[in-house]
Amino acid sequence: MVNSRQKGATFERSIANMLFDDLGLKAKRDIEQYRAADHGDIIADDDTWPFLIECKRYASAGRETFKKEWWDQVERAANAFGKEPVLIYKYNHQPITVVMRLEYLMRDGAHHDEKVRMDWEAFVYIARENWG
């Protein structure tokens, strides 16, 4: 049996490494997430990075693609730090999925309550266009 906390930590390190490889962003796991509420999983070394990232790694999806409480968690943390919430999750034998608010992507001044799911490459493109 795999230790779920270790599995999550490994996934978080993997995402931090991918952020560096694909965007040149130096990031690391936020170990304060275990001591205090409303912290994301990944801390960027650059204050201009607009996103707060929460990572989830599970064996299977069941009936849902992602759980509402995952989104609620990242949204609370992002609001506490004045960042845009980003949920990154992965199930065994499935690609990484990234979730963002449609409102952030539209930038039309209207309120859009919907979330957008995308693959890692699409997120990298959006991040590159909106950072720095």
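The values are calculated or read from the model by the stated rules, or taken from the named source; none is laboratory data. Model, not experiment: these values are computed from the prediction. When we count neighbours, we look across all protein chains shown, and the Cβ atoms used for this are built from the backbone with ideal geometry, even at glycine.
Points to keep in mind about this one:
- Scanning region 80-112 for residues that are touching a helix residue (DSSP H, G or I) at 6+ places or on another chain (Cβ under 9 Å) and without any contact (Cβ under 8 Å) to a residue 12 or more places away in the chain, we see that the one that is surrounded by the most Cβ atoms within 10 Å (Cβ to Cβ) is His112.
- Those strands (runs of 3 or more DSSP E) of region 1-92 in which 3 or more residues are modelled with pLDDT of 90 or more occupy 51-58, 84-91.
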